[in-house]
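Report on the following structure.
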Amino acid sequence: MESAKPTLGEKIAYALGDAAAGGITWKIMSIAFPLFFTNVFGLTFADAAALMLIARLFDVVTDPIMGSLADRTQSRWGTYRPWLIFGAIPYGLIFALLLFTPDFGPVGKRVYAYVLYLLMMAVYTLVNVPYGSLLGVMTEDDNEKNRFSSFRMVGAYAMGFITLLSFPYLQKMIGGTDAHQYAVLGVLFGIIAAVMTLVCGLCTRERLKPVRAEKFSFRQFADLLRNKPWIYLTLMGVCTNFFNGFRYAVAGYMMDYCLGGDVTVGGFIINFTVLMAFGEVTCMIFGGVSPKFAAKMGSKRKGFIVASVICVVTSVAFFFIPMNPKMIWLIVTMVVLTSVGVGLYSPLLWSMYADVADYATEKNGTSSTGLIFSSGTMAQKLGGAVSGSLIALLLGLAGAHMIPDEFGNQVIDPASVTDSVRTMVWSLFSLFPAVIALIMTWLAYKFPLKK
């Protein structure tokens, strides 16, 4: 039984957790890393693609293990909160180190990138799986779960907007080489992410005590594979992250190759981070109204379907916009319209994970909240990595290749950026996500829980 109703302050504290994860670290890793690793750090397309793919295969193992471990944690701070409290500092530190470019040779850089990226994925799992699982134990009221999920998404998108909008201006303020700018920003955003994660862990409450399985057993994994709602929701989660992964990872290439670089309108710089910042603020607004939208639709499932259809239509429409910097405001408008759908479905997805966790507890007699929410984190990382790897692979197949610059770093050969490469980039931002959103719509239609 709950000891007290959740407060506004607690909802804000919970929102800070995803402001750190989704709004800072994951946002920068999704939108800046493909460009950072190839154009700044100096990895080849092949190395960058392999790095992100190997890291996500690593996550397929670590995420469910972390979920199972979190479910069995018992401490004075609760079941899930201690992972946020004690993981906050390593989380910020490793993120800062990942954006540092060491003065190593090609082999040393490759080793550094692989080790730090795998460490970042591990610590992200250590913090974010318990964070997601908190939603299942802070309240048993379904309406409150929707509100917590909505606050979470508003926090993530609000911080994402701030991060993306400020990124180019902070780079300009810091000055120096691109490598120096990224290193300084890594420290700055790493500190902010660590503090937000710590506040989230300290200022939230676990009101419900999970019904724990006393010993580890592979039966819980077998039960999961027999959980039909979990299977559909996991596939939906992978699709949502494929959808976002393609768009965010290719945005930098789109601005450089298709629009000729940053677009300045009356002194206002629109680069790839600012472009996506327009989407972030839209997601923030519509993430806030998502619970009422779901109530209006009659269920979370129906709300998710409508939001997915919006993403299909607007993504297809984007493809037919001319590749011309003069069309920048039409491009921004279409990004905003697509983000309406993303903003509406994102809180619903995490609230539906809580429903699946409740369903599993009722069916199996023991809680597997952490394990179930770990699939959401795994889907997030798998979608982002595979989409990032596919982008590097597909750009290479379209004709883009790397050459050494005057400092010996690998950069994209401007001569290899042909019309076929530009068309591929444009499609990766529009048609590829549209197909994913269509699949996502069908999965939501088949989702068994009607809440």
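The values are calculated or read from the model by the stated rules, or taken from the named source; none is laboratory data. These numbers were taken from a predicted model, which means no experiment stands behind them. Cβ placement follows ideal geometry from the backbone for every residue including glycine, while neighbour counts extend to all protein chains displayed. Please note that ligands, DNA and RNA were not included when accessible areas were found on the heavy atoms of the full protein model with its side chains. Shrake-Rupley method; radii C 1.70, N 1.55, O 1.52, S 1.80 Å.
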Dimensionless Rg ratio for the range 219-355, taking C-alpha atoms and the 2.2 N^0.38 Å reference: 1.22
Potential extension, Lys363-Leu170 segment - 0.36 nm per residue separation minus Cα distance: 64.4 nm
The chain - percent relative contact order, Cα under 8 Å, separation 6 or more: 29
Entries in Lys292/Lys446; Lys363/Lys446; Lys11/Lys446; Lys228/Lys300; Lys27/Lys450 that, when Cα-Cα distance is taken, lie over 29 Å: Lys11/Lys446; Lys27/Lys450
Dipole magnitude of the range 245-362, debye to nearest 20 (Cβ charges: Lys/Arg +1, Asp/Glu -1, about Cα centre): 380
Read-out semi-axes √(5λ) of the Cα gyration tensor in Å, derived from the coordinates shown; its label in (1) 32, 27, 23; (2) 35, 24, 20; (3) 40, 22, 22: (2)
Long-range HN-HN contacts of Ile270 with modeled amide H, under 5 Å: Val263, Thr264, Val265
Unit charges at the beta carbon, dipole of the chain: most positive-side option, Phe100, Trp350, Gly186: Trp350
Efficiency of FRET from Cβ geometry, Phe104 and Val195, R₀ 30 Å, rounded to 0.05: 0.45
Size of charge dipole - the chain - debye, nearest 20, with Cβ of Lys, Arg +1 and Asp, Glu -1, no other charges: 1420
The range 62-210: C-alpha pair distances exceeding 19 Å, %: 61
Of all accessible heavy-atom area on the chain, the percent that carbon and sulfur account for (1.4 Å): 69
For the chain, accessible area per residue (1.4 Å probe, heavy atoms of protein chains only), Å²: 38
